[in-house]
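Remarks on the structure that follows.
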Amino acid sequence: MHIPDGYLGPYTCIFFYILMIPFWYKGVRWLKNLHPKQVPLLGVLTAFSFLVMMYNLPVPDGTTAHIVGGTIIAILIGPWAATVSISIVLLIQALFFGDGGITTYAANSFNMAVVLPFVGYYTYRVLRKKLSDVAAAGIGAYVGLVTAAVVAGFEFGLQPYIQPGYCPYTFWVSVPAMAFAHLVTAGPAAAVVTATVLWYVRKSRPELFDMGEAEAVRG
Amino acid sequence: MSKLIDKTVEEVVSFIQEAVFSERYAGKEGFLQGLDPRAKLAALLISISVVVGVKHITTLLFLYSIPLIMAALSKVPLGYFVRRVWVFVPVFTGIIAIPVIFNVITPGKALFVIWNSPYIAVTKEGLHAAGIFTLRVATAVSYAILLTITTKWNDVMKGLSDFKVPGMVVTITTLTYRYIFLLTSILVDSMHSRKSRLCRKLGMIESWKEAGKNIGAVFIKTQMIGEDVYYAMLSRGYLHTAKSLNDFRFRKRDALFLALTVILMVGVFMGDRWFI
């Protein structure tokens, strides 16, 4: 889902940088309210977010897929923690590994650090009233990932109408391509992995599971 | 034995190798290595913005030649540099660009007819569109990778604080970078210990569940490490604000490098818009 430099034109990139300003502003404000003890913890947890993206999950087409882990962090620590952590991970990936892009950094952050954790987290919160925590987390991760992929597909698909010379495919190709790949491959994997993580943490260290709850109450 | 375990370990090893190789060239005494990381970061942002903004293939070819010259001046082996860029580009962009060369996606003057009924041909316009798209991505990746392999991670982090990135974000980013390596070692150990207990191949859903349990266990360990790191920082005099030991000095040659980059990139951009 990482969009490299050159896929989106300058106007689209500028638009996403402007769009991300309030989210990053709110994320930094959230950071300032943290207890000093939690700052190193968030640093290590951001390294954990980086690590989650390294797991190679076998998928039905015979290849392997990666998950972003945004919903896991949003549920366990809080959605703003996910926004901050994943934005930092994307920055490290763009600056040091050429994974993702620098001009597309804001668009990638919008998809993976805002849409994915917030959609995943609020889907989880709504479903938790009717289903078990574990099932709600799995469905939340699935919905979050597929929504973020569809949003990325829209960004690709809009590009030929705004400026040619970048991503060449319109909505009719880009949205189904992104949606299908995530609906049947990475989506189910993200759902099972997220549900298992939540089940495991709740069983082994239930007090850690409540961190996200405390965060939600605190706002 | 299991794709989850083998491929994940492979990915971690290649990540560590990449990081170590990058640091190897960053320590050499070359042209870019001798510049202030802030000047390099600013030059990178300006250059990539111009790469994304230009419209003509000739301009992109010119822009692509700049990182190649810079790499040679910075004692980065050209073969290694070009390979690193083009290994990444064909996998994602090359495959995506292939359908664009055909008349079905890009109608135009047929250069090579593949099939008559239904009519499928490679078009001149399609080749141009695919070429410009692939070259743009390769050029942008070249600039980004050049910064990575000629600058130490810590220096880039320190440089970030001068770009109005909040101090708290720089502290967390620095901690993240350090702990990625510790956590990758925990990940590899846990994958190997799981592998040593496996007596058969894991199925797909089983692999997902195993990954979930492993991520859960790493999360719990991460929590414990986070607390230890805080106390370790406190014992070393941490006063809840991190001070960057930034001893960079912006010298004349850094200013000259940045000024030349700005002049060159503005010139290239204007030339692309009005003269080609």
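Annotations for the structure displayed:
- Those residues of the stretch B:107-127 which are β-branched (Val, Ile, Thr) and part of a helix (DSSP H, G or I), in sequence order: none
- Residues of the stretch A:121-138 that turn out to be in a helix (DSSP H, G or I) and surrounded by fewer than 21 Cβ atoms within 10 Å (Cβ to Cβ), as a count: 8
- Residue B:234 being within 14 Å of chain A (Cβ to nearest Cβ), surrounded by fewer than 16 Cβ atoms within 10 Å (Cβ to Cβ) and free of Cβ contacts under 8 Å to residues at least 40 places away in the same chain: yes
- Checked against the criterion of being within 15 Å of residue B:140 (Cβ to Cβ), open to solvent by 50 Å² or more (accessible area, probe 1.4 Å) and hydrophobic (A, V, I, L, M, F, W, C), the stretch B:24-42 has no qualifying residue.
- Whether a residue is within 26 Å of residue A:4 (Cα to Cα), under 15 Å from the mean Cα position of the chain (by Cα) and not small (Gly, Ala, Ser) was assessed, and residue A:115 passes this test.
- Hey, residue A:88 facing another protein chain (nearest Cβ under 7 Å), at pLDDT 90 or above, within 30 Å of residue B:210 (Cα to Cα) and within 17 Å of the chain's Cα centre (by Cα) or not: yes
- Count of the stretch A:90-121 residues, restricted to those that are without any contact (Cβ under 8 Å) to a residue 12 or more places away in the chain and among the hydroxyl-bearing types (Ser, Thr, Tyr), is 0.
- Those residues of the stretch B:21-59 which are of a type in the set (D, E, K, R) and part of a helix (DSSP H, G or I), in sequence order: B:23, B:24, B:38, B:40
- Residue ID - nearest to the other protein chains (Cβ to nearest Cβ), chosen from residues in the stretch B:187-202 that are open to solvent by 30 Å² or more (accessible area, probe 1.4 Å) and either in contact with a strand residue (DSSP E or B) (Cβ under 6 Å, 6 or more places away or on another chain) or outside any helix (DSSP H, G or I) (or both): B:201
- Qualifying residues in the stretch A:67-78 (those that are of a type outside the set (Val, Ile, Thr) and either free of Cβ contacts under 8 Å to residues at least 60 places away in the same chain or facing chain B (nearest Cβ under 9 Å) (or both)) - the one surrounded by the fewest Cβ atoms within 10 Å (Cβ to Cβ): A:76
- Given (1) open to solvent by 10 Å² or more (accessible area, probe 1.4 Å); (2) facing chain B (nearest Cβ under 10 Å); (3) in a loop (DSSP other than H, G, I, E, B), number of the condition residue A:55 does not satisfy: (1)
- Residue list for the stretch B:61-73, filter: open to solvent by less than 20 Å² (accessible area, probe 1.4 Å) and within 12 Å of residue B:265 (Cα to Cα): B:63
- Subset of the stretch B:128-168 [modelled with pLDDT under 85, in a helix (DSSP H, G or I), facing another protein chain (nearest Cβ under 8 Å) and open to solvent by 20 Å² or more (accessible area, probe 1.4 Å)]: B:168
- Among the residues of the stretch A:160-213, those identified as among the aromatic types (Phe, Trp, Tyr) and either more than 22 Å from residue B:222 (Cα to Cα) or open to solvent by 60 Å² or more (accessible area, probe 1.4 Å) (or both) are A:161, A:166, A:169, A:171, A:172, A:180, A:199, A:200.
- Residue that is farthest from the other protein chains (Cβ to nearest Cβ) [pool: residues in the stretch A:91-113 that are of a type in the set (Val, Ile, Thr) and open to solvent by less than 10 Å² (accessible area, probe 1.4 Å)]: A:104
- Every residue from the stretch A:1-44 that is free of Cβ contacts under 8 Å to residues at least 24 places away in the same chain, surrounded by 17 or more Cβ atoms within 10 Å (Cβ to Cβ) and more than 7 Å from chain B (Cβ to nearest Cβ): A:15, A:38
The values are calculated or read from the model by the stated rules, or taken from the named source; none is laboratory data. Being a predicted model, the structure only gives us computed values, none of them experimental. When we count neighbours, we look across all protein chains shown, and the Cβ atoms used for this are built from the backbone with ideal geometry, even at glycine. Each accessible area value is taken on the protein alone, full model and side chains, heavy atoms only, with ligands, DNA and RNA left out. Shrake-Rupley method; radii C 1.70, N 1.55, O 1.52, S 1.80 Å.
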